[in-house]
Every structure is written in C-alpha cells, then in structure tokens.
1. Do you know the Lys pair count in segment 391-509 for C-alpha distances under 23 Å, with sequence separation 8 or more or different chains?
2. Of 373, 242, how do they rank once you tally other Cβ atoms within 10 Å and put the fewest first?
3. Setting aside same-chain residues fewer than 8 positions from residue 245, which aspartates and glutamates have a Cα under 16 Å from its Cα?
4. Using +1 at the C-beta of Lys and Arg and -1 at the C-beta of Asp and Glu, which of 51, 411, 468 has the Cα lying farthest in the positive direction of the dipole of the chain?
5. Largest first and in whole Å, what are the equivalent-ellipsoid semi-axes of segment 284-367 based on the Cα gyration tensor, each being the root of 5 times an eigenvalue?
6. Would you mind ranking 181, 493 so that the residue whose beta carbon has the fewest other beta carbons within 10 Å leads the list?
7. List, in order, the whole-Hz ³J(HN,Hα) value for each residue of segment 459-471 obtained from phi through the Karplus relation with A = 6.51, B = -1.76, C = 1.60 and θ = phi - 60°; use x for Gly and Pro.
8. Under a plain spin-label model, where a point goes 7 Å from the Cα along Cα-to-Cβ, how far apart in nm are residue 48 and residue 95?
Amino acid sequence: MKSLIKYSLILAFPGIGLAQVFNPQNKKVTEKFFPEFSQKITTPAFQKKKGFTKYEEMMPFLQSLENKHKNIMKLSFVGESQKGKKIPLVILNKTSAVEDKIKLWIQGGIHGNEPASTEGVLYLIQELLENPEYSELLDQLEIGIIPMANIDGYEVQERTAANGMDLNRDQTKLMVPESVYLKQAFSDFNAEVALDFHEFHPFRADYLQMGKAGYTVPYDVMFLYSGNLNVPGSLRELTENTFVKNAEKFLEEHQLSAHDYFTTSKDDGYTVFNLGSINARASATSYALSNCVSSLIEVRGIDIGKTSFKRRISTTFLIAVSYMQTAVKEKDKLRAVLKDAQQENKDVIIRSSRKPGKKELKFIDLSTNEMVTEEVSVRNALRSRPVLTRPMPTAYLILPSGKNMIEKLKTLGVKVMQTQQPEKLDVENYIVTKYKKASVKFEGTFGQTLSTENHPVTKDFPAGTYIIYTDQKNKGLIFETVEPEADNGFAAYGVLKAALGEELPVYRYMNSKLLSN
C-alpha cells in the first residue's frame, strides 16, 4: 500500500519524475520474477557507474565499430534533432554470395525515457559485428538501424521530442522534424521486416488500483502488432503466427516471458484493456501499412531505472535475433506474402472497431508477491471488424493546392505523378456532411472529425493535378491518410482543411483506364 500512496502522490504532481523519487519495483518482485542476467555487456552505459548512454558516448562507440568493420558497417546521418544533433543510421551489409538479401529495419529510442531500447540496439550492433555466431545472419540480411531516434528526449530521459511532441504519434501527420527524417529514411530503405523497440510502464495507475495493494505486469516483453484491416490478412497472419510465435518460443528458451501488448483506458468509469494496434499514427501499424512484417516491441522497463537492465537489453537483443532467424528461414514465404499483399484488391477500410470481449490476464499481486489471474474486459484490435468501407479506386486525384499532403505522402514512400495538361474526368467527389473541430490541441493540431458523401461528377482538372495510383506497395498508407474519415488521416489532423458543405480537393478516380501524365 505504501508504494501505491507514493505513486498517487506523483500522479497528483506530474512535474515530479517518478524515477527521481523512487523505484516502484521492490526487491522481492525483482528477485522472484525478473532476476538480473550475468553476461558481460560493454556498451557505453556499462562503462560508467550511473546513468544511461549519452549521445556523445554513443557516437564514438559507433564510429569505433565502423572503423573495425568497414567492410560490413556504414555510418551515416538522416537529419538533425531540433537541438542540432545528427541522427545516426547504421547499415550492416556484409559482402556475400547472396544478392537478394532480406531487408530488415530496426529502430530504438523514439521515446526518450525508454533506455533499454537504445542500449539493446547498440548491443545488437556490436554482437552482429563481433560475435562469429551471427555471421551467417549477415550473409542473408541487409539491416538498417536507427539506434537513438529521439536524441533530444533521450538526453534528458523524457518521452517526447524537444518541442513536447510524441514522435510515435506523428507517423501520418509528420509535423515534427525528426518524424520526417526518420520516416524518409524508413521509406528509402524499403524494409521487408521492421522492428521498433520500446519499453512499457509496468506500474500504470489502473494496475495499482487492482487488488489490495495494486498489481504489476508479470511479462518481460509484450508484442504490439497491427490488426488494421488495410494490412492484408495474409501479412497479419504471417506476423502473428510465425514471427511473433517464434520469438515467444525463443524467449521462453531463455527463461523470459512474453504476451501480446495490452494497455488500459476508461469506458463510462470502467477500466477496459486494449489489445493490439489499429492506429496508423504509430509505427506498429504505419510500418505494416507499407507492406512489411512489423512489430513494436515493448520491454518491461519505464521508470525502474537500471533494475534488471542486462535482462532488458538481452530481451531486446534476443527478439531481434529471432526475427532475423525467422526472416532467413521463411524467406520464400515472406516474399510470396508481400507480393500477394501488394496485389490484393479489396474494399478500403476507412474505420473499424475492436472486438469486445472477456479475457483472463495474469498479474503480480504486490501484496503477496504471487501471480494472480483476473478476468477483464478487452477490446481486441487484432480481431477488428470494418465499420466504414468504400470500393478501392484506381487512383486518388488531389488538386495542386494539396501540395502539403503530397509532400507527406512522398515521405511515407507513396509514388505520386502529375498530369501534364488539363483534363475533364469522371470522378467521385467528397462533400462534407458533418463537421466538428476540436477545441483543444492534440499533438500540436486541432483535430477535425467529419463525415462525407461521394457523388459522381464530371470535373475539369488543371495541369499539375496529382495522381496517386492505388496499385502500389504503400497503398495502405494512402487509404489511411487520404480518406477524409480516417481516424489518423490528413483531415483528422487538419492537414486537409474542411468545412461543412464543402467539396474537398480530393477525388476518387474509378475508371480502370490509366491517366496521361
């Protein structure tokens, strides 16, 4: 109960950092459920007694590895943080007889208060380069790695970027400079498998209201992957039943525990547990919509300092290795699924809902230090159902005034063309029938909620009208951004301005005949 009281005080005074006051994980919980690993780790955080890796410690570490392994490692920069620090990109690409290597993307540190994400990725880079056990993986893979995505936040161990915005809520509106650099680098790399490493808070306020003295999450790691219905079913199935399941088995062999990611929200005053992801604003779904196997990896760690730090780093490392091994072993299946997914032609899912139900979840009871099981209400994004759909158009047309949207689409890896001369075309328009603008900013913008109706019209389009064909790799991101009712689209975030009764400058081209450009 004492820890619950302390935690409540911190919630009442949010300016006080939890880690600055106390570590909510007691020694008994650590020793019984999360004992520290003993292996030797020589990344920068282990070269000093206190604190985590600083940027000025990471860069010499990476440069030293590049100097020793110039034939495999290339260090470059994708852009700068808001405070002017260059964001490093590591490419590992060993010369081998394999020409068509699988492309695997890894990101760490997009939230600055999740230190094992960056440290685990640094350890991974070092092991891949210097441990002969992993040489065969480098024969088969080209790996792109961003070890510290949110440098300014990481330097002060704060979640957000320097301007207070969350980089992992900015994957579609792309309002933060770092988001643009990171997304462009990801799009240019053209990944087939993508991992984004995070840490989760095991002592959320909702958990601490359970039982006599609160509960805590009993898992070393939780896997967050997408149930978004614009991600083809075969790709969702491959992610869940091959990549995630193989990683869970691999972790179990190393005495580590795993579960699908869940978090909590309130519904009429009741706590509801949310499983999985459907939101394109975050990487788990955003990456998947670019037609690749995607997982956001949540390791148990926020606000517990260096408790079980080697264990957390090892968890990060082992998951990355498992995904690499699965990608190599299932190469033919992976390529076949990605090819079929790109060619899939079905309705556009504009809005969906999570499947409600009941589920038994395990927790650690802090009053007894024993594992308990609770039946809870869940909303399962991994089993979503469509709410609003439209037939897939051959292309979307955007008037030249929509250049801001086009620049964001290009950053998302979407191919865009333009008409060279005026054309009269039969299209479907969007007329706004309901409209509401938020009174409070969310992540830097006043949101818009709207409904539209489509009407067939014949319209004169000027030269320079943008053409976005839907027969392309990243078509899922097109649907999630361009459709006006999409929860994480350009209209929702005010990138596409709207007003009641207005015809939007976006049109659906349904004719199968390709346009001149």
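Bear in mind these aren't lab numbers, they're just calculated from the coordinates by the rules spelled out. A quick note: this is a predicted structure, and the numbers were derived from the prediction, not measured. Here the Cβ is made from the backbone with ideal geometry for all residues, glycine too, and neighbour counts use every protein chain on show.
1. Pairs that pass both the separation and distance tests number 26.
2. 373, 242
3. 220, 237, 253, 260, 298, 330
4. Of 51, 411, 468, it is 51.
5. Details: eigenvalues 205, 100, 28 Å².
The answer is 32, 22, 12 Å, longest axis first.
6. By the 10 Å Cβ count, ascending, the order reads 181, 493.
7. Per-residue couplings from phi come out as 10, 7, 9, x, 4, x, 4, 7, 10, 10, 6, 8, 8 Hz.
8. Between residue 48 and residue 95, the simple spin-label model gives 3.8 nm.
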